[in-house]
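So the structure is just underneath, and the comments pick up after that.
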Amino acid sequence: MMITMRRRLTALLMSASTLCSAAAHAEPTVAIVFMGDVMLADHPGQRIKQGRNPFAPFASILDSADVRVANLECVIAQGGKAEDKPYTFRAHPRVLKLLTRHVDAVSVANNHSGDFGRTAFAEMLGRLDHAKLPFFGGGRDLSQAHTPLLIERKGLRIALLGYDEFFPRSYEAGDRHPGVAWSEDEQVVLDIRRARAVHRADIVIPFMHWGEEHQPRANERQRELARLMIDAGADAVVGTHPHVTQDIELYKGKPIVYSLGNFIFDGFDDADNNTAWVLRLNVDRTGVRDAHIQVGRIDRHGTPYPTGSPIPIDLKATALAAPSP
Ligand SMILES: [Zn+2]
C-alpha cells in the first residue's frame, strides 16, 4: 500500500530540478514544518505518562526546521465536562513538556479543542501561555481567534491563521467567550489581508481544519476556499482533519496541501489512516521557494515513524494530480 502510494507520489511530484537549494537565493530562507493531527489523549497520552515520547522518531526531522507547527486535536486541561459527542479528547497537562520540546506553535482550530467545554478550552489557553507555546486559530474571544500568530525568524515575519469548519460550530469563539475561529469566507479574506497590511507579515499561511473524513480527494468547498485564500494573499494553504492524506494542488504557483492526515493519533486500523505527512515549506520574502513531504507510518500506539526520503513537490508543475493513498 505504502509503496504504491509513494511511487505514485514520486511519479507525480518529482522532477529533477525541484529541490533548489536555499543557498542559491540571496534572501534568507526559513523552513517551516507542518504536522497533521496531534491527539495526546487516549493511547498516546498513556504512553507519555509511561515516559515514552511519540514525537521521538520524527524529532531530528522536526528539529531541522526553523518553525514547527502542529494541529492540536484535543484539549489540554484537567477541568471541564465531556460534550455529548462520539469522541472527546482531553490530554493531561503533563503532555505540555513534550509539546514544547517538539513544537513551536499549535493550531487549536479543530473539532476537538472544545470537547470539554469553554472552561477547559480557556484553561488550555492559559496553560499554553504559561508553557510559552504560542497558539492560533482560537482565542479568549472572537477577535483573538482571528488574529494571526506572528513568528519572526531571520528577519522574516510569518503569519499563521487557523480555521475550523467541521462541526460542532458551538466551539466557535464569540464576542465575549473563548473558542475557535470559524472559516466564514469574508472574514478569512479580511484576516489574510490584515495579516499583511496591519501585522506586516511577509508570509501568510492558513492552516485549515476541513474536508470529509476518509476521502482521499479534497471536495469542491475546500478547493474554492483554498483559491479564495490564495487570491486574498496566502502564500500556501495547508489542511488537516480527514484522517487521511488528500491531493495536492498548485494555484497561481502556490501549493495547497489539502490534508496531511494524522500525525500522532491512535485507534485506526487502515493503512490510509496511519499514513502521516510532514510538510516542509522553505519560504523567503517572495513566498514558498520549495516544498517537500516526509511520509510517516503510524503504529498502533499512535506514534509516527518516518519512511523513505522526503518527496519534493514540483512547484513549477502546471497541474498536480491526486496522489491517492
Ligand atoms: Zn478533526
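The values are calculated or read from the model by the stated rules, or taken from the named source; none is laboratory data. What you see is a predicted model, and the numbers here were worked out from it, not measured in a lab. No Cβ is skipped: glycine too gets one built from the backbone with ideal geometry, and neighbour counts run over all protein chains shown.
Some values worked out for this structure:
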item: Selected residue [at pLDDT below 95 and away from the ligand (no atom under 14 Å from the Cβ)] from 233, 179, 253; result: 253
item: Whichever residue in segment 214-225 is closer than 24 Å to residue 33 by Cβ and within 16 Å of the ligand (Cβ to nearest atom) and, among such residues, is surrounded by the most Cβ atoms within 10 Å (Cβ to Cβ); result: 222
item: Looking only at segment 57-67, and only at residues there that are surrounded by fewer than 15 Cβ atoms within 10 Å (Cβ to Cβ) and small (Gly, Ala, Ser), the one that is farthest from residue 40 (Cα to Cα); result: 64
item: Helices (runs of 4 or more DSSP H) (entirely within segment 1-107) containing at least 1 residues that are within 16 Å of the ligand (Cβ to nearest atom) and either farther than 20 Å from residue 289 by Cα or modelled with pLDDT of 95 or more (or both); result: 42-49
item: Selection from segment 170-182 of residues that are surrounded by 20 or more Cβ atoms within 10 Å (Cβ to Cβ) and not in a strand (DSSP E or B); result: 171, 173, 178, 181
item: Residue in segment 183-190 that is within 16 Å of the ligand (Cβ to nearest atom) and either in contact (Cβ under 8 Å) with a residue 12 or more places away in the chain or crowded, with 18+ Cβ neighbours inside 10 Å (or both) present; result: yes
item: Neighbours by Cβ (under 9 Å, 6+ apart or cross-chain): first from segment 46-60, closer than 13 Å to residue 92 by Cβ; second assigned to a loop (DSSP other than H, G, I, E, B) and polar (S, T, N, Q); result: 47/53; 47/303
item: Selection count, segment 139-169, where residues are in a helix (DSSP H, G or I), closer than 26 Å to residue 219 by Cα and among the hydrophobic types (A, V, I, L, M, F, W, C); result: 1
item: Segment 61-101, residues that are of a type in the set (D, E, K, R) and touching a residue at least 60 places away in the same chain (Cβ under 8 Å); result: 66, 73, 83, 85
item: Residues of segment 197-247 satisfying the condition of being in contact with a helix residue (DSSP H, G or I) (Cβ under 6 Å, 6 or more places away or on another chain), under 27 Å from residue 28 (Cα atoms) and among the small types (Gly, Ala, Ser); result: 201, 232, 233, 234
item: Failed criterion for residue 285 (all others in (1) among the charged types (D, E, K, R); (2) without any contact (Cβ under 8 Å) to a residue 60 or more places away in the chain; (3) more than 16 Å from the ligand (Cβ to nearest atom) hold); result: (2)
item: Segment 56-109, residues that are more than 29 Å from residue 283 (Cβ to Cβ) and of a type in the set (Phe, Trp, Tyr); result: 87, 89
item: Residue list for segment 123-138, restricted to those being touching a strand residue (DSSP E or B) at 6+ places or on another chain (Cβ under 9 Å), farther than 20 Å from residue 241 by Cβ, not in a loop (DSSP other than H, G, I, E, B) and not basic (Lys, Arg); result: 123, 125, 128, 129
item: Residue match in segment 191-203 (condition: touching a Ser or Thr at 6+ places or on another chain (Cβ under 7 Å) and not aromatic (Phe, Trp, Tyr)); result: no
item: Selection status of residue 193, assigned to a helix (DSSP H, G or I), surrounded by fewer than 24 Cβ atoms within 10 Å (Cβ to Cβ) and on the phi < 0 side of the Ramachandran plot; result: yes
item: Candidate set: segment 158-169, residues that are surrounded by fewer than 19 Cβ atoms within 10 Å (Cβ to Cβ) and free of Cβ contacts under 8 Å to residues at least 60 places away in the same chain; chosen: the one farthest from the ligand (Cβ to nearest atom); result: 169
item: Residue that is surrounded by fewer than 24 Cβ atoms within 10 Å (Cβ to Cβ), among the aliphatic types (A, V, I, L, M) and closer than 24 Å to residue 151 by Cβ, where the choices are 230, 256, 264; result: 230
item: Boolean, residue 114 is more than 16 Å from the chain's Cα centre (by Cα) and within 18 Å of residue 174 (Cβ to Cβ); result: yes
